[in-house]
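As structure tokens, the structure follows; a few thoughts come after it.
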Amino acid sequence: MINIQSFNNIAVITMNSPPVNALGLELRTSLLKALQQSYESDAVDAVIIDSSLPLFCAGADIEELRTGDIWQTPDLHTLIDAVDNAPKLVIAAINGIAMGGGLELTMACDYRIARQAAKLGLPEIKLGLFPGAGGTQRLPRLAGLQVATDMILSGNPITAAKAESVGLVDRVVSDDVNFRQAAVAYCEELLNNKVQRRHCSDIQVDPDEVGHDFFIKIRVEIANNTVGQIAPEHCLTLIESTTLLPFAEGLEQEKKDFIEILKTPQARAMTHLFFAERESQKIPGVERETATREINSVALIGAGTMGTGITIACLDAGLPVTLIETTTEALDRGLGNISKHYDRSVEKARINEEQAESLKAAVTGTLDFAGLADTDLVIEAVFEELEIKQMVFEQLDKHCKPGAILASNTSTLDLDVIAAITSRPEDVIGLHFFSPANIMRLLEIVRGQATAPEVLKTALQFGKRIRKLPVVVGVCFGFVGNRMFEPYFREGSRLLLEGASPEQVDRVLTEFGMAMGIVSVADLAGIDVSYRIRESRRQQISQDPSYQAIQDKLFELGRYGQKSGRGSYFYEGREKTSDPEVVKLCEALASGLNIKRRDISDQEILERCLYPLINEGIQILDEGIAYRPGDCDLIWVNGYGFPAWRGGPLHYADEIGLKSVLAGMSKYAQQLGDYGKLWFKPAKLLETLVRDGIKLSDYVTSR
């Protein structure tokens, strides 16, 4: 875990705690012991802290947030104090990533040397926290208020070159040199120059470096961009304290605030999502020994918006792509859109022209399925109709090589029925991307009844390769995300008939933290798109004549949403304004359906949208369509705009209490008459969990 080597009068303490040198109790204890041993040795004049892993340190052991070991002696504060108060010169040799507590450790050192490839960051805000081991106090003193504020509030890392330019790193060396030798040589140089120890407590922060209104402006940005979140304001207050408090007092305040924020629902929510991502990659039937297939080439069937988005995601990951369409016009349009995308990237300085041309050259187009003969992975992204997709898979079965993975981007259809059209259903899998596919992080991987474990494992690796968050789900209408969306959308539309306005529904949901209100989402996604999905399921929903009545009426009137300039709102580009005609349409529909209109409270809107959404997620768990509650939460946070700081719908249900959800479902089942009895039936699992006093976080399902 810790190795100590001597280079004349320099002790090199090397962290070796795979996989990421997390500063858990064992590593903290070993590192502190090594430091004390070096301090006590008369043969040692300076200490270097480095790493034998490809990275320096990924920070604190997040698992200790759950176990409480984060405060076990020696805690991180004790370790960092031992570095800060060292009787000898201490240098951090940052060979790779230094994040969170790892960066805080280096900032307590006297000097820092880094490889060119190193990246330094404080990502705690992404867990609903803030740097709690000196980060908010040391970073402004070392790098300045502007850089510190940017790094801490975004959670994003900076390069070694940037760190050197702002004073966070003292020297950067090429990745080509022997880094250990470079670090030792740098330490020898410092000793020969008889440099003094450096303490952040000696550095004064000048508020004038950013202007008198700096913190005022940032607070306005926080208020606008992080509604409902508490960590950003904590971060800013602590950064600002560096201009007001002595270093020791600032550290004490930071520690006190950190202990408090750990107890908040937001920290619990975002920590839950962190662990949910880890757990989501553990799939029953997919073991470490499970083989995978090589993916060196990809083909996309369909050059529309989704097909081109997936193509761009693959190209960005270094995978050559063959794009297939049925007409030259459609193919040229798709290839042209891909070319325009990379041209815009050049204009925005994200890539240079040479890179853009290389990426463009990696995609080829064809009208012939025979061009798929050697492709490793084929992704179908055609119109969402079963017959069309079956026709495509018949062709794939004929033209693709044995062992090729055949994937459908279907968002709602039965993957098993699609797979059955082929002679190799074991090679068929669902890859449900979210639009825009080159930007949205979520990838629902749909595991068919016959999908081979090696195909599933390969799909998981592919998802990570193209920088997606892959979450495995089972087969049912809408899988997990869209199936949970259906009751959420249903209630949002029904409330319009009962008396709520589109603006009220959207406001309530965005104030809760949703990225967009459901009425605006429907306009953005396309009212014609949702109409076609309903048309395929009219038999299942025919028992309720009010079901999506306003959405059907908008479709009938040719009001397809943003794309047509009119939906539930008026649109000029992306700017929307209210449309009084929609309220009149709702009044007329309600009258014809004998629905009594009334004033509806914000609380009722929130409960009626969220409780059926949660209830459906619990039903999905009971059916085994999702493996664990965290999978549902990841899907809704990363694909549907549910606020991360609330942890996802099922984690939120635990926070407010499943008993409250069940009571709410039962209340509306009675209050809303026949409509309530039809749509507000509590899931059996919800009733069982409440009866037995079990939280969703303690519920594990297996398939």
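The values are calculated or read from the model by the stated rules, or taken from the named source; none is laboratory data. Computed from a predicted model, the values in this text were never measured in an experiment. Neighbour counts are summed over all protein chains in view; Cβ atoms, including those assigned to glycine, are modelled from backbone coordinates with ideal geometry.
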Residues of the stretch 476-518 satisfying the condition of being small (G, A, S) and farther than 26 Å from S411 by Cα: G499, A500, S501
Does T149 count as in the same structural domain as S241 (by TED's automatic domain parsing), touching a strand residue (DSSP E or B) at 6+ places or on another chain (Cβ under 7 Å) and either part of a helix (DSSP H, G or I) or surrounded by 24 or more Cβ atoms within 10 Å (Cβ to Cβ) (or both)? no
In the stretch 348-359, what count of residues is obtained for those that are surrounded by 13 or more Cβ atoms within 10 Å (Cβ to Cβ) and either in a loop (DSSP other than H, G, I, E, B) or under 28 Å from the mean Cα position of the chain (by Cα) (or both)? 4
Of the residues that sit in the stretch 301-325 and are without any contact (Cβ under 8 Å) to a residue 60 or more places away in the chain and farther than 19 Å from T410 by Cα, which one is surrounded by the fewest Cβ atoms within 10 Å (Cβ to Cβ)? G318
The condition from (1) surrounded by fewer than 15 Cβ atoms within 10 Å (Cβ to Cβ); (2) free of Cβ contacts under 8 Å to residues at least 12 places away in the same chain; (3) polar (S, T, N, Q) that S345 misses is numbered (1)
Any idea how many residues of the stretch 310-355 are on the phi > 0 side of the Ramachandran plot and at pLDDT 95 or above? 1
Does V471 satisfy being touching a Leu at 6+ places or on another chain (Cβ under 6 Å), more than 24 Å from G624 (Cα to Cα) and in contact (Cβ under 8 Å) with a residue 60 or more places away in the chain? no
Selection from the stretch 526-568 of residues that are without any contact (Cβ under 8 Å) to a residue 60 or more places away in the chain, of a type in the set (D, E, K, R) and either surrounded by fewer than 16 Cβ atoms within 10 Å (Cβ to Cβ) or within 21 Å of V583 (Cα to Cα) (or both): D528, E535, R538, D552, K553, E556, R559, K563, R566
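Go through the residues of the stretch 370-384 one by one and say whether even a single one is surrounded by 16 or more Cβ atoms within 10 Å (Cβ to Cβ) and part of a helix (DSSP H, G or I). Let's see the steps before the verdict.
Start the filter on the stretch 370-384 by keeping residues that are surrounded by 16 or more Cβ atoms within 10 Å (Cβ to Cβ), which leaves 371-372, 375-382, 384.
Filter once more, so that each one left must be part of a helix (DSSP H, G or I): 371-372.
Within the stretch 370-384 (the criterion being surrounded by 16 or more Cβ atoms within 10 Å (Cβ to Cβ) and part of a helix (DSSP H, G or I)), the answer is yes, since at least one residue qualifies.
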Report, by residue number, each residue of the stretch 454-488 that is in a helix (DSSP H, G or I) and under 17 Å from D633 (Cβ atoms). G481, N482, R483, M484, F485, P487, Y488
Based on what the data block shows, is I259 under 30 Å from D654 (Cβ atoms) and either of a type outside the set (G, A, S) or in a helix (DSSP H, G or I) (or both)? yes
For the stretch 26-44, how many residues meet the condition of being part of a loop (DSSP other than H, G, I, E, B), of a type outside the set (D, E, K, R) and surrounded by fewer than 18 Cβ atoms within 10 Å (Cβ to Cβ)? 2
Could you grab the pairs with beta carbons closer than 7 Å, sequence gap of 6+ or different chains, first residue in the stretch 160-177 and part of a loop (DSSP other than H, G, I, E, B), second one among the polar types (S, T, N, Q) and modelled with pLDDT of 95 or more? S174/Q116; D175/Q116
Listed residues I625, I600, I595, I620; which is over 26 Å from L127 (Cα atoms), part of a loop (DSSP other than H, G, I, E, B) and in contact with a strand residue (DSSP E or B) (Cβ under 9 Å, 6 or more places away or on another chain)? I625
Applying the selection to the stretch 436-449, what residues are over 15 Å from the mean Cα position of the chain (by Cα) and buried (at least 17 other Cβ atoms within 10 Å of the Cβ)? I445, V446, R447, G448
